[in-house]
Amino acid sequence: MIHNALDIAKYIINKCTLDEMPISDLQLQKILYFIQVNFIRQFNSPAFNNKMIAKQYGPVVSDVYAEYKIYGAMPICLLYDDVAEFTSEEKTVADWVIERCRSLNPWELVAKSHVPDGPWSKTKLESEIEMSLVRDYAINGIG
């Protein structure tokens with residue numbers, strides 16, 4: 001099932017806040033990217049269709065960035081009622097990505113999103129990252 005990236009972001013923020021491991025906007029963006037990659041890999045379908053842009057520090061979901069950029073490097077400690085409603089299989093994948101990514105230093109996440117021949121490295125800065133690049137990377141790449 002395809003979700004709205006803002007609802008997925010709220011799910012991520014809820015989980016991290018409730019687990020007392022709040023994340024920054026930079027971490028949120030990278031977690032969203034890796035959820036996208038892993039949904040394509042596991043379900044052959046994207047988690048969301050919102051536009052991703054190649055920014056200096058990696059892929060950014062524009063809608064989500066507009067909502068949370070005010071937090072900068074500060075932890076986002078919020079709780080929401082209206083979050084993505086994942087199937088149990090989707091929740092398993094999303095939670096695995098969240099737990100794996102939030103334990104990494106934000107700059108390690110940036111490095112992982114900048115892999116050679118990955119979607120970010122094949123896209124001009126400030127341009128949209130094509131879903132076909134993300135799909136090819138998810139199916140044929142490592143991540």
inquiry  = For region 1-36, which positions are part of a loop (DSSP other than H, G, I, E, B) and either of a type in the set (Phe, Trp, Tyr) or in contact with a Phe, Trp or Tyr (Cβ under 7 Å, 6 or more places away or on another chain) (or both)?
reply    = ILE2, ASN4, SER24
remark   = Only one of (1) touching a residue at least 40 places away in the same chain (Cβ under 8 Å); (2) farther than 13 Å from VAL37 by Cα does not apply to PRO119, and that is (2)
note = Filter region 27-48 for residues that are over 23 Å from ASP81 (Cα atoms) and aliphatic (A, V, I, L, M); the one that is surrounded by the most Cβ atoms within 10 Å (Cβ to Cβ) is VAL37
task = Output the residue which, of all residues in region 87-138 that are touching a Pro at 6+ places or on another chain (Cβ under 7 Å), assigned to a helix (DSSP H, G or I) and not hydroxyl-bearing (Ser, Thr, Tyr), is nearest to ILE31 (Cα to Cα).
result = VAL134
note = Picked from region 53-79 (must be assigned to a strand (DSSP E or B) and out of contact with any helix residue (DSSP H, G or I) (no Cβ under 7 Å at 6 or more places or on another chain)), the residue surrounded by the fewest Cβ atoms within 10 Å (Cβ to Cβ) is LYS55
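No lab work stands behind these numbers, since they all come straight from the coordinates. Source: prediction; values computed, not measured. Positions of Cβ are generated from backbone atoms using ideal geometry, with glycine treated the same way; all protein chains shown enter the neighbour counts.
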